[in-house]
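Chemist: Sharing a structure below in structure tokens format, with a few things to ask.
The values are calculated or read from the model by the stated rules, or taken from the named source; none is laboratory data. No experiment lies behind these values; they were computed from the predicted model shown. A quick note on method: Cβ atoms are made from the backbone with ideal geometry, for glycine too, and the neighbour counts reach across all protein chains shown.
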Amino acid sequence: MPLMRRRPLLRAAAVGGGAYMVGKNRAQRQAEQQNQDAATDQRISNLEQQQAAPVPAQAVPAQAAPSMADQLNQLADLHKQGVLSDDEFAAAKAKLLGG
């Protein structure tokens, strides 16, 4: 009679252990995705701060602001160099184009 009782307990332990591992793996993947999202947000914020940083008037020669085409080319160069990921490039381009 003790063998009949062990099988359901072993089965329950195996199912419960499997469910625990699936849940643990899912939580790890979600945490990794959140870390990647936070890193991407930080990079974009850094780029925005660099663009918005005030430059002393004495250091800047009397030149016109860079055109949108120049800014897009600069973003494309950063993307080609691997400084910007695909998502970061798309976000920066959309912000530059106003959308």
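Chemist: I need a count of the residues in segment 82-99 that are free of Cβ contacts under 8 Å to residues at least 24 places away in the same chain and under 11 Å from the mean Cα position of the chain (by Cα).
Modeler: Going through segment 82-99 one residue at a time, the tally reaches 1.
Chemist: In addition: Condition (residue is surrounded by fewer than 12 Cβ atoms within 10 Å (Cβ to Cβ), at pLDDT below 85 and outside any helix (DSSP H, G or I)) applied to segment 17-30: is it met by at least one residue?
Modeler: No - not one qualifying residue is present in segment 17-30.
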